[in-house]
Amino acid sequence: MTRQPGNPNRRRPFDMLRERIAENLATIKAAGLWRQLEPWPYPADSFHGQFASNDYLALRAHPKVLEAFHQGLQKWGAGSGASPLVVGYSNAHHELTEQLADWLGFDRVLLFSSGYAANQGVLQTLQSVGAVPILDRFAHASLYDGIKTLPVHRFKHNELSDAKTKITSVKAQMPEGTPLLVSEGVFSMDGDSAPIAGLSALVRQQNGLLFIDDAHGVGVTGERGRGAMDSRGSDGIDILSGTFGKAFGLGGAFVASDQQICDYMVQKCRHLIYSTAFTGAQAMAIQASLGVIQAEPERRGMLTRNISRFRDYAAQLQLRLLPSSTPIQPLVIGTSELALRLSHALRTENIRCIAMRPPTVAKGTERLRFTLSAGHTETDIDALFSALVRIFHQDKELHEACVVR
Ligand SMILES: Cc1ncc(COP(=O)(O)O)c(C=O)c1O
């Protein structure tokens, strides 16, 4: 870094920026909120000692998915070569959109490079024509980051009466606006689900729209594995987003909606228009994943059994688990320091589970988020609880923080 000539003491804005960064880094560290990238060295099919991934159905290493990817690479190459509206949208992409639309019961599906981009894209595009998003307070960061104008309108988590109050207030403030209720099929930090039937009824009654991000639900929950689309009231969902990065075991994302909204997104959605498409090979692998999700319901059965086994052990230890029936099983501990302590203690037992701290979760609700997969064996879950028993035996304070009071 060079200083400007003439006045060696003159500080450039760049120096000030560096100082502010240094101050912020020091604050983050002092608060116990430091995040760091740590390589995970084990292969994709190894779930032993790993309770942190979103590969809920163990499809990341499924032979059919890998085979389709290999074939796709030969046919479509390692990259798509362009954005979707140029030449990045192959027949494989198109087939995938048709299969998803058919399976989920929507007119049409659009593909995105990530769920983060898809959520931002939907919200930003619809706000430009008068949609006013009203978010469940626990909505994912990608939904918050799609809000273009402040203040952010939010309703209390899963509370229909508060959602109604917020719609009424938005309508009074912006009579020209259309309320767009935004919630999630499965909440990423709590593992609970939105009351789809109630939200659907509310938006119909209030002449609004309903947007559900089903990143953690699609492929996993519901009788047919269609997540929120298998729940009562799903016909009231106007827009659905989902990622291929979790149950599908790959990456990329989709948005499903009616013909008109999709047409408009294709004209205006910057995240779709100005971004390189994922490769056709990946589209073929996602098709294979979808095929497995449809043809192998027993994978969801294995996952359900693993969740039950996990919860049974947790009940025996009287752990403060949130009431979740999904693969997301949060153990609320209450401080960053203790959550990190448990995560580190598990690490010494060769078990990886990440401490969730602010701003990802609210202060006072710091937690370990255990995630289960169909890929876990009974032995993997037994080993986790044996480790927890050893850890609690040695650290009474930690034990106290983790059990029901
Ligand atoms: C609820 C929710 N929505 C959206 C996303 C973003 O999806 P992606 O990882 O594909 O960007 C995530 C992923 O972390 C999520 O948990």
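The values are calculated or read from the model by the stated rules, or taken from the named source; none is laboratory data. Predicted, not measured: the structure shown is a model, and the values here were computed from it. Cβ: placed from backbone, ideal geometry, glycine included. Neighbour counts: every protein chain shown. Protein only, heavy atoms only, side chains kept; ligands, DNA and RNA dropped before computing areas. Shrake-Rupley method; radii C 1.70, N 1.55, O 1.52, S 1.80 Å.
How much of the DSSP bridge set in the stretch 63-295 is antiparallel, in percent, rounded to the nearest 5?
The antiparallel fraction comes to roughly 35 percent.
Can you tell me the order of 84-95, 12-23 when each peptide is scored by its average per-residue count of other Cβ atoms within 10 angstrom, highest first?
Final packing ranking: 84-95, 12-23.
Treating only the Cβ of Lys, Arg, Asp and Glu as charged (+1, +1, -1, -1), what charge dipole size does the chain show about its Cα centre? Round to the nearest 20 debye.
Dipole magnitude for the chain comes out near 1380 debye.
Which net charge results for the neighbourhood of F47, defined as the other residues with beta-carbon distances under 12 angstrom from its beta-carbon, given Lys and Arg at +1 and Asp and Glu at -1?
-2
Report the equivalent ellipsoid semi-axes for the stretch 63-295 in whole Å, largest first, defined as the square roots of five times the eigenvalues of the gyration tensor built from alpha carbon atoms.
In descending order, the three semi-axes are 31, 19, 14 Å.
Divide the volume of the convex hull of the Cα atoms of the stretch 94-172 by its number of residues and quote the answer in cubic angstrom per residue.
So the per-residue hull volume is 124 Å³.
State the extension gain, in nm to one decimal, for the chain segment bounded by S169 and A197, taking 0.36 nm per residue of separation less the distance between their alpha-carbons.
7.9 nm
Just the Cα atoms of the stretch 297-402: what Rg and Dmax do they give in Å?
13.4, 42
Using alpha carbon coordinates only, what is the Rg to Rh ratio of the chain, with Rh defined as the Kirkwood radius?
The Rg/Rh ratio comes out at 1.00.
Would you mind putting 108-115, 288-295 in packing order, based on average other-beta-carbon counts within 10 Å, highest first?
108-115, 288-295
Could you tell me the largest-minus-smallest coordinate of the C-alpha atoms of the stretch 1-140 on each of the three principal axes, in descending order and whole angstroms?
Dimensions of the stretch 1-140 along the principal axes of its Cα atoms: 65, 48, 38 Å.
Scan the stretch 35-85 for trypsin sites (Lys or Arg not before Pro) in coil per DSSP, keeping those whose Cβ has at most 10 other Cβ atoms within 10 Å, and list them by number.
R35
Using helices alone, what [θ] at 222 nm do you get for the chain, with -39,500 (n - 2.57) per DSSP H run of 4 or more residues, divided over all residues and rounded to the nearest 500?
Counting only the DSSP helices, I get -13500 deg cm²/dmol.
Take the alpha-carbon centre of the stretch 26-50, take the same for the stretch 321-348, and report the distance between them in whole Å.
14
Using per-residue counts of other Cβ atoms within 10 Å, averaged over each peptide, order 212-222, 121-131 from highest down.
212-222, 121-131
I want the local charge near G249. Using Cβ-Cβ distances under 9 Å, sum +1 for each Lys or Arg and -1 for each Asp or Glu among the other residues.
+1
Run the numbers on the stretch 297-402 and let me know its relative contact order in percent, using alpha-carbon pairs under 8 Å that are six or more apart.
32
If Lys and Arg each add +1 and Asp and Glu each add -1, what is the summed charge of the other residues whose beta carbon sits under 15 Å from the beta carbon of Q287?
Local net charge: -3.
Report the one residue of P323, T360, S386 whose Cα lies farthest in the direction of the positive end of the charge dipole of the stretch 297-402 (charges on C-beta: Lys and Arg +1, Asp and Glu -1; origin at the Cα centre).
Value: T360.
Calculate, in nm to one decimal, what E349 and R390 gain on full extension: separation in residues at 0.36 nm each, minus their alpha carbon distance.
13.8 nm
Report the full-extension gain for the segment A26 to N91: residue separation times 0.36 nm, less the Cα-Cα distance, to one decimal in nm.
Working it through step by step, the gained length comes to 18.4 nm.
Work from the charge dipole of the stretch 63-295 (Cβ charges, +1 for Lys and Arg, -1 for Asp and Glu, about the Cα centre) and give the residue of S113, Y274, T243 farthest towards its positive end.
Y274
Can you tell me which lysines have their Cα less than 21 Å from the Cα of K156? Leave out same-chain residues fewer than eight positions away.
Cα-Cα hits under 21 Å: K148, K164, K166, K171, K363.
Anything in the chain that counts as a DSSP H helix reaching 24 Å or more along its axis (C-alpha) with Kyte-Doolittle mean of at least 0.0? List them, would you?
378-394
Taking the radius of gyration and the Kirkwood hydrodynamic radius from Cα positions alone, what is the Rg/Rh ratio for the stretch 165-222, to two decimal places?
Rounded to two decimals, Rg over Rh is 1.05.
Carbon and sulfur together cover what percent of the accessible area of the stretch 261-341 at a 1.4 Å probe radius?
C and S atoms contribute 51 percent here.
If I model a spin label at E397 and T379 as a point 7 Å from the Cα along the Cα→Cβ vector, what separation in nanometres do I get?
3.6
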